[in-house]
Amino acid sequence: MRSGEELDGFEGEASSTSMISGASSPYQPTTEPVSQRRGLAGLRCDPDYLRGALGCLKVAQVILALIAFICIETIMECSPCEGLYFFEFVSCSAFVVTGVLLILFSLNLHMRIPQINWNLTDLVNTGLSTFFFFIASIVLAALNHRAGAEIAAVIFGFLATAVYAVNTFLAVRKWRVSVRQQSASDYIRARTESRDADGRPEVQRLDT
């Protein structure tokens, strides 16, 4: 029978061998966080945003822009057609851009891209949509107002203009608040850095 020392030596060699084989094995346990591996699997809808004023306005904008676009697409004949084409472009662009922003805000995807000023982006989108929807509705009402689909498109165009205008007003207020908070945080950071810079010479004198 083997002695105790031989058994201890055998166990030590076995443990070292298992450690070496485990280190060289390609099947290593990953240390990657679960949240990074999931990708888009952890997305959840934000009901607070959808129930809020901005969320409800975004939903209404998407619906009105879609209805206006459908109304203008049902028109088979036009004379002249410039106003109809312009209204079609405005309603389709507003529907696509506002729909994308609605998805980003409702799923909190914009939080993953902090490099973009989303308050300013929303303000620019709502402001431009208000202006172009208003102009397109006036042009369509002046040039094409004979068919029922044209009249319906004009009505929904003005409704979309009103909703976008309200959203623009709220977006301006939200953007101003964010600018004030950013300026306040920058001021506090500058004061903290200046205090740290003033305290460093005293620390150096005490060290000497």
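The values are calculated or read from the model by the stated rules, or taken from the named source; none is laboratory data. Keep in mind the model is a prediction, meaning the values are calculated, not measured. For neighbour counting, all protein chains shown are included, and Cβ atoms are generated from backbone atoms with ideal geometry for every residue, glycine included. Areas reflect the complete protein model, heavy atoms only, side chains present, ligands, DNA and RNA absent. Shrake-Rupley method; radii C 1.70, N 1.55, O 1.52, S 1.80 Å.
General observations
- If you sort Tyr49, Tyr164 by accessible surface, 1.4 Å probe, largest first, the order is Tyr49, Tyr164.
- Annotation: per residue accessible area for the range 42-136 equals 54 Å², rounded to a whole number [probe 1.4 Å, protein chains only].
- The rule of thumb for compact globular proteins, 2.2 N^0.38 Å, goes into the C-alpha radius of gyration of the range 47-193 1.25 times.
- To the nearest 10, the accessible area of Thr192 is 70 Å² with a 1.4 Å probe.
- Percent accessible area from carbon and sulfur atoms, the range 47-193, protein chains only, probe 1.4 Å: 72 percent
- Two-site FRET efficiency, Arg173 against Glu73, from Cβ-Cβ distance with R₀ of 41 Å, rounded to 0.05: 0.70
- Order of exposure, largest accessible area first, which applies to Val166, Val90 with probe 1.4 Å: Val166, Val90
- A probe of 1.4 angstrom, applied to the heavy atoms of all protein chains, finds Ile155 with accessible area near 90 square angstrom.
- Short-range pairs are left out: with C-alpha atoms under 8 Å and at least six residues apart, the relative contact order of the range 47-193 is 33 percent.
- Loop GluC sites (Glu not before Pro), the range 44-88, which have at most 13 other Cβ atoms in a 10 Å radius of their Cβ (DSSP): Glu77
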